[in-house]
1. Kindly indicate whether any position in the stretch 74-88 is of a type in the set (D, E), under 27 Å from L321 (Cβ atoms) and crowded, with 18+ Cβ neighbours inside 10 Å.
2. Would you pick out the residues in the stretch 225-263 that are of a type outside the set (A, V, I, L, M, F, W, C), over 16 Å from the mean Cα position of the chain (by Cα) and part of a strand (DSSP E or B)?
3. Has the stretch 125-138 got any residue that is within 18 Å of H227 (Cβ to Cβ) and among the hydrophobic types (A, V, I, L, M, F, W, C)?
4. Among the helices (runs of 4 or more DSSP H) lying completely within the stretch 324-407, list those that include at least 1 residues that are touching a His at 6+ places or on another chain (Cβ under 6 Å), more than 26 Å from Y25 (Cβ to Cβ) and of a type in the set (A, V, I, L, M, F, W, C).
5. Report yes if some residue within the stretch 116-134 is under 23 Å from T383 (Cα atoms) and among the acidic types (D, E); otherwise report no.
6. Among the residues of the stretch 162-195, write down those that are surrounded by fewer than 21 Cβ atoms within 10 Å (Cβ to Cβ), outside any strand (DSSP E or B) and in contact (Cβ under 8 Å) with a residue 12 or more places away in the chain.
7. Pick from R286, R241: which is assigned by TED's automatic domain parsing to the domain that holds D391, modelled with pLDDT of 95 or more and of a type in the set (K, R)?
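The values are calculated or read from the model by the stated rules, or taken from the named source; none is laboratory data. Keep in mind the model is a prediction, meaning the values are calculated, not measured. Cβ atoms come from the backbone with ideal geometry, glycine included; neighbour counts cover every protein chain shown.
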Amino acid sequence: MDFAFDARTEELRAKLLAFMDEYVYPAEAVAEEQRAALASPWDTPAVVEELKAEARRQGLWNLFLPDSEHGAGLTNLQYAPLAEITGRSPQLAPTATNCAAPDTGNMEVLAQFGDEQQKKQWLEPLLAGEIRSAFAMTEPEVASSDATNITTHIERATDGTAEYVITGRKWYISGAMNPDCKIFIVMGKTDPDGADIRRQQSMVLVPRDTPGVTVKRAMQVFGYEDHYHGGHAEVIFDHARVPVTNLIGEEGGGFAIAQARLGPGRIHHCMRLIGMAERAIELMCRRAVSRTAFGKALAQQGVVHNWIADARVTVEQLRLLVLKTAWLMDTVGNRGAHAEIQAIKIATPRAVVDIIDRAIQLHGAGGVSQDFPLAELYAGARTLMIADGPDEVHQRSLARRELKKYL
């Protein structure tokens, strides 16, 4: 396993690091000022569009897509260090480079499973950054960590029209509050009584302006509304009707498509989490050398030494595991890297939460304030212990895989 960066990765890393320093970090405060003056908190600050235009001009665009026809054509191993860099400013950098979830996963689904019309109508404007999208799977009434529980119905119309009728309630649908979110990929059951519980689900494209679709409210995450992310909405589908041609793939293929979508999504989250941890370590160190308590700098306190040293060791371990996983995905495929994908999904969020927590502690009251990004970083990292399958689901599966060796 050789994790050394190749020439293209080095070139893109240098460009992206310069872009972050020159444009992204200075834009963080500007975006907050502009957002406060917007008519709607869900509108996009002008500086975000400026960042997108500059990123596209510099070729820092759609870096996540390995498909060279639609994206940058990078391998997972090449993309990993780039995603880490964008993770240092998770509210702005992924959006600026058109590498923000849930659009990334939705573009991957459309590129891999969409037909030519679906690609033309929805994938192309997503790739261009002209619209946003949402992925509607999670439901409030069931444990959605088990996708077979989903209760949303996608039924063939009985009036002779070639349409699906969609009825259900979803929540924490990321990106749905953004007015630029024009399309939902909705997962529901087309065959709720089917013998194979993993063939009951399908995915359909539902335009936001479809009659019967109501974006009811924004859901908070630890009190945050994730405005730059497009929020997390509760969405009602009340007999919403779409053409049967809006089906993605085949009926009964929804579960398999979801698994294909979530694999890359999980590693992308872990890559960005390492960037979040690096930002927290940087803030921790800057705080430690600039503050004095009980007659000496925080940087001279033994407990602070322990926190910083432990954080550095943890990040280096996590990075190696993520790079190994990326390398396996490139060489043996997502299925061959399944155990490692689960391992990083378990290990990375919990470790990064701990690092950010220590950084918050070192900042005192400032750590929980809006004057530093730490509280928001903590909320985002902690949420990823639930998102894309809670840790316990992955632990259960990984343990079973280990136990098989002894049974």
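1. Within the stretch 74-88, one or more residues are of a type in the set (D, E), under 27 Å from L321 (Cβ atoms) and crowded, with 18+ Cβ neighbours inside 10 Å.
2. Once the filter is applied, which keeps residues that are of a type outside the set (A, V, I, L, M, F, W, C), over 16 Å from the mean Cα position of the chain (by Cα) and part of a strand (DSSP E or B), the stretch 225-263 yields E234, D238, H239, R241, P243.
3. Among the residues of the stretch 125-138, at least one is within 18 Å of H227 (Cβ to Cβ) and among the hydrophobic types (A, V, I, L, M, F, W, C), which makes the answer yes.
4. Passing ranges, in order: 338-363.
5. Checked the stretch 116-134: no residue is under 23 Å from T383 (Cα atoms) and among the acidic types (D, E).
6. Residues satisfying the conditions are A162, P179, D180, D191, P192, G194.
7. Residue meeting the stated conditions: R286.
Condition check ((1) within 30 Å of A256 (Cβ to Cβ); (2) under 20 Å from the mean Cα position of the chain (by Cα); (3) buried (at least 17 other Cβ atoms within 10 Å of the Cβ); (4) in the same structural domain as I356 (by TED's automatic domain parsing)) across all residues:
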{"position": "G295", "(1), (2), (3), (4)": "no, no, no, yes"}
{"position": "W307", "(1), (2), (3), (4)": "no, no, yes, yes"}
{"position": "R312", "(1), (2), (3), (4)": "no, no, no, yes"}
{"position": "L318", "(1), (2), (3), (4)": "yes, yes, yes, yes"}
{"position": "L328", "(1), (2), (3), (4)": "yes, no, yes, yes"}
